[in-house]
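Following: one structure in structure tokens, then a few remarks.
The values are calculated or read from the model by the stated rules, or taken from the named source; none is laboratory data. Only a predicted model underlies this, so the values are computations on that prediction, with no experimental measurement involved. Ideal geometry is used to build each Cβ from the backbone, glycine not excepted, and the neighbour counts take in all protein chains shown. Surface accessibility is based on the protein's heavy atoms, side chains included, excluding ligands, DNA and RNA. Shrake-Rupley method; radii C 1.70, N 1.55, O 1.52, S 1.80 Å.
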Amino acid sequence: RKEVEQDPGPFNVPEGATVAFNCTYSNSASQSFFWYRQDCRKEPKLLMSVYSSGNEDGRFTAQLNRASQYISLLIRDSKLSDSATYLCVVTREAAGNKLTFGGGTRVLVKP
Amino acid sequence: DTGVSQNPRHKITKRGQNVTFRCDPISEHNRLYWYRQTLGQGPEFLTYFQNEAQLEKSRLLSDRFSAERPKGSFSTLEIQRTEQGDSAMYLCASSPLLAGNSYEQYFGPGTRLTVT
């Protein structure tokens, strides 16, 4: 079993719609959580950190549920430019803060 | 450009050849990480340095792989006797040492290796 699991998708989303997806992590000692965005054949880029209280950045909202060990990302008012792979990431300070990635969830926003 | 840079961006090599990649991190970032990403998968951790010290190596890093960061600045990743299974994107990331819980890692553009 992978340490971080994601639905690979693709999620086909009409432009302007809302899409949400989760990832689950197995290591309860995980301390920090992130969503990264990766465009085709490009490097991952940090989208947002995820906090226990939940956090919002414009059209993006991330939630963390430590009890159930899952993280969610919601995208409102989807834009064509939101089409990408979204990577769920966890880290632990004791592990040198190396990033442990899920396999990614592919989102395709269509007109 | 003050971001993480990697060279070369693309490398095609024949099976059995040796290859070396270079990563130049953001200046003054103490930590430097190497990851490998194959098609359709998320990146997987290979190794990381804190300054010039290599602190951890993944089980993915076979004896054919070696990484160095001799002066705590740039790093090299060498693969000896390449195999077709080594074909992947090799990503380098750097981060500062911070007192808080969140450590943002900044990625370079990657080196795409194709072994024929």
Checked pairs for the range B:1-26, first in contact (Cβ under 8 Å) with a residue 24 or more places away in the chain, second aromatic (Phe, Trp, Tyr) and open to solvent by less than 80 Å² (accessible area, probe 1.4 Å), C-beta under 7 Å and 6 or more apart or across chains, list as B:VAL4/B:PHE107; B:GLN6/B:PHE21; B:PHE21/B:TYR90; B:ARG22/B:PHE74; B:CYS23/B:PHE74; B:ASP24/B:PHE74
Do the conditions hold for B:TYR106, that is, is it facing chain A (nearest Cβ under 9 Å) and open to solvent by 80 Å² or more (accessible area, probe 1.4 Å)? yes
Among residues of the range B:49-71 being of a type in the set (Ser, Thr, Tyr) and farther than 14 Å from B:CYS23 by Cα, the residue least open to solvent (accessible area, probe 1.4 Å) is B:SER58
Tally time: how many residues in the range A:10-56 are small (Gly, Ala, Ser) and free of Cβ contacts under 8 Å to residues at least 24 places away in the same chain? 4
Across the range B:3-46, what is the number of residues that are assigned to a loop (DSSP other than H, G, I, E, B) and either of a type outside the set (D, E, K, R) or closer than 14 Å to B:SER94 by Cβ (or both)? 18
Is it the case that some residue within the range A:96-111 is closer than 18 Å to A:SER49 by Cα, of a type in the set (Lys, Arg) and touching a residue at least 60 places away in the same chain (Cβ under 8 Å)? no
Counting only residues that are within 14 Å of the chain's Cα centre (by Cα), give me the strands (runs of 3 or more DSSP E) lying completely in the range A:1-76 with at least 2 of them. A:4-6, A:19-25, A:32-38, A:45-50, A:55-57, A:60-65, A:70-75
Those residues of the range A:8-63 which are of a type in the set (Phe, Trp, Tyr), open to solvent by less than 80 Å² (accessible area, probe 1.4 Å) and farther than 12 Å from A:VAL89 by Cα amount to A:PHE11, A:PHE21, A:PHE60
